[in-house]
Structure formats: structure tokens, C-alpha cells
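The values are calculated or read from the model by the stated rules, or taken from the named source; none is laboratory data. What you see is a predicted model, and the numbers here were worked out from it, not measured in a lab. Glycine also receives a Cβ, built like all others from the backbone with ideal geometry; neighbour counts cover every protein chain displayed.
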Amino acid sequence: GYFEKIADIHSPKELAELARDFNHMTEQLEESFNQIKKAEDEKNTMISHLSHDIKTPITSIRSQIEAILDNMVSDIERPIYLESIQNQVMRLSQLTDELLDLTITQENKKHKLVIKKVWIDKTLVAALNSFQVQLKVEDRDINIDLDDKISFIYSDEEGINRILHNLIANALKYSLPGTPIKIEGTVYEDAIQISIQDFGMGISEEEQKHIFERLYRVEKSRNQKYGGTGLGLYISQEIAKILGGNITVKSLLEQGSTFTVRLPKKLH
Ligand code: ADP
């Protein structure tokens, strides 16, 4: 260590070397300090935005419950109030999920990836599994067409699972029950691609430019109360980038959308 080194110093030249070492160490420390501070600032901004979003439904729930308790709500109106409260509670639970997701994305940024062999077919089945009940209730056909050569990539399984989960959830949310979902897997020289296609409402060209932005929601889906936060695609795209890939969209209004995630075979 440094103390032995200091004890060993015999010449001005050695002293100069040591000073250089110290300077270098200070610079490195400063740099990592700045990096930590930047990450911390980003995180704080995101949390403050989300906290703001969480306040809105809480305020609304509170005032509606107060109205009921103060006997301001007639018997006829009561179910409407309760349904609205239920919707707000669901929104709160979604926001909480997203908050959790966000923390995990931040953690991923701090190199918490687990890179190992990820079998594509297995990961896809795992992602679909959590929708089993919904698929049955909604009478959905899932057509899966995987390239014979698709096998595994070296990547982070949890990250890929999250992306697929978000894309499948959106495909189901923004298309009608009974319409199918098509999943295709393609292999390239040093990447693979998984695309998820729905035959739902689609996204206009103008709005396609914005859907990956944080908290962006297409006006129509906001109005029709699909429930959502506008974070799903943002978080998915963030994860895809961390994994060295990206997500792209192709869509036509009233025809449907295809979201394609591209991932390198090896994450360097
Ligand atoms: P949300 O929580 O609102 O679903 P996302 O970030 O997942 O947020 O998506 C952003 C917006 O993109 C959604 O509000 C929706 O309008 C649109 N969108 C996402 N996926 C689809 C899809 N498969 N079909 C149509 N619109 C979609």
C-alpha cells in the first residue's frame, strides 16, 4: 500500500511519482463522486414526478370518501363514486408498480445485470405465463413463430422478461378481446429480434415519435381510461438500451401495432 511506498521514498523523482499517483487518485474519486451525484439527481427528479402523480388519485379518493361520509352523495350516485374510487385505487397500485420498476432500472444502471445464457423460447413462455388467465378470459390466440435457429443469447434474463411483459401487456390492453397476438423471433448475425404484433387501435405516426418518452400517453388512451402511467415503454426502452439493444415500433391507426425488440447475442 501507499504507506509502505511513502516509507520507501528515497529520491525527489520518486516523490514526484507519488504526487502524480495521488493526483490521479483524486481525479478518479472526483469523477466517481460526480457520477454518483448525477445518478442521484436523476433519481430524485423521477421520484418527485412520480410522487406528484401519486398525489392526484389520493386527493380524489379522499374528497370522494369525504363526500360519502358527509352524506352528500345520494343512493343513486353512490355506486358511481365507489367505482371511481376503485379506479383511482387501481391507478395507485399501477403507479406503485412503476415506482418499483423505476428503482430496478436505476439499479440496473448501477451494473446489477446478471449476464448469462438466456434461452429465448423459455423466456417468452415465462413472460406469457403471467397472462394465462387473461388470455383465456379474453379468448386470445397467441401465434408464436420462432426462427429454428433461435436459441440463447448472453444477456440479463430479468431485463428481457420485463420488456416482453410490458410489450405483451400493451398489446392486450390496446386491442380488443378475441383478436390474436402474433409473436415472431428472428436471428441475425450478432443479434436477435422479437416482435409482438397486435391488431388493435394502432398509433398515429405523430404519436409514435413520443410513446417512448417518460410519462407520455396517447390522448385517446388517456380519455378512454385504459389505465396506465406512460412509463411502461419508457422503462422497456431504457432496459433494452442497457442490454445493448433497442425497441422500435411500426403501427397503423385502426390496424394494429408491432413492437420489435432487438438484442445483441452477446452483451459486451
Ligand atoms: P401506458 O402505461 O399508458 O400503457 P406505455 O409507456 O406502455 O404507457 O405506452 C405509452 C402509450 O403508447 C400508451 O398510453 C398508448 O397510448 C400507446 N401504446 C403503447 N402500446 C400500444 C399498442 N400496442 N397499441 C396502441 N397504443 C399503444
**Request:** Tell me, yes or no, whether segment 17-29 has at least one residue that is under 30 Å from ARG214 (Cα atoms) and either among the β-branched types (Val, Ile, Thr) or at pLDDT 85 or above (or both).
**Result:** no
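Results for (1) within 16 Å of the ligand (Cβ to nearest atom); (2) modelled with pLDDT of 95 or more; (3) out of contact with any Lys or Arg (no Cβ under 9 Å at 6 or more places or on another chain), shown as yes or no for each residue.
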{"position": "GLU98", "(1), (2), (3)": "yes, no, yes"}
{"position": "ALA127", "(1), (2), (3)": "yes, no, no"}
{"position": "VAL137", "(1), (2), (3)": "no, no, yes"}
{"position": "ILE150", "(1), (2), (3)": "no, no, yes"}
{"position": "GLU158", "(1), (2), (3)": "no, no, yes"}
{"position": "TYR174", "(1), (2), (3)": "yes, no, yes"}
**Request:** Taking the residues in segment 59-70 that are surrounded by fewer than 12 Cβ atoms within 10 Å (Cβ to Cβ) and of a type outside the set (Asp, Glu) as candidates, determine which candidate is nearest to GLN94 (Cα to Cα).
**Result:** THR59
**Complete:** If we ask which residues in segment 30-87 are outside any helix (DSSP H, G or I) and either of a type in the set (A, V, I, L, M, F, W, C) or in contact with a helix residue (DSSP H, G or I) (Cβ under 7 Å, 6 or more places away or on another chain) (or both), their number turns out to be 3
**Prompt:** Inside segment 252-268, can you point out the residues that are at pLDDT below 95 and surrounded by 21 or more Cβ atoms within 10 Å (Cβ to Cβ)?
**Reply:** none
**Complete:** All conditions in (1) of a type outside the set (Gly, Ala, Ser); (2) surrounded by fewer than 16 Cβ atoms within 10 Å (Cβ to Cβ); (3) more than 30 Å from ARG214 (Cβ to Cβ) are true of GLU83 except (3)
**Prompt:** Which of the residues spanning segment 194-212 are of a type in the set (A, V, I, L, M) and either more than 10 Å from the ligand (Cβ to nearest atom) or over 17 Å from LYS241 (Cα atoms) (or both)?
**Reply:** ILE194, ILE196, MET201, ILE203
**Asked** Does segment 228-251 include one or more residues that are surrounded by 21 or more Cβ atoms within 10 Å (Cβ to Cβ), touching a helix residue (DSSP H, G or I) at 6+ places or on another chain (Cβ under 7 Å) and within 18 Å of SER130 (Cα to Cα)?
**Response** yes
**Asked** Can you find a residue in segment 186-195 that is more than 21 Å from SER251 (Cβ to Cβ) and acidic (Asp, Glu)?
**Response** yes
**Asked** How many residues, within segment 134-181, are in contact with a Phe, Trp or Tyr (Cβ under 9 Å, 6 or more places away or on another chain), of a type in the set (Lys, Arg) and under 26 Å from LYS266 (Cα atoms)?
**Response** 0
**Asked** Taking interchain pairs and intrachain pairs at least six residues apart, which have beta carbon atoms under 6 angstrom, with the first residue in segment 254-268 and hydroxyl-bearing (Ser, Thr, Tyr) and the second buried (at least 17 other Cβ atoms within 10 Å of the Cβ)?
**Response** SER257/ASP198; SER257/GLY202; SER257/ILE203; SER257/SER251; THR258/SER195; THR258/GLN197; THR260/GLN193; THR260/SER195
**Asked** Restricted to segment 144-167, and to residues that are closer than 21 Å to GLU189 by Cα and among the small types (Gly, Ala, Ser), which residue is surrounded by the fewest Cβ atoms within 10 Å (Cβ to Cβ)?
**Response** SER151
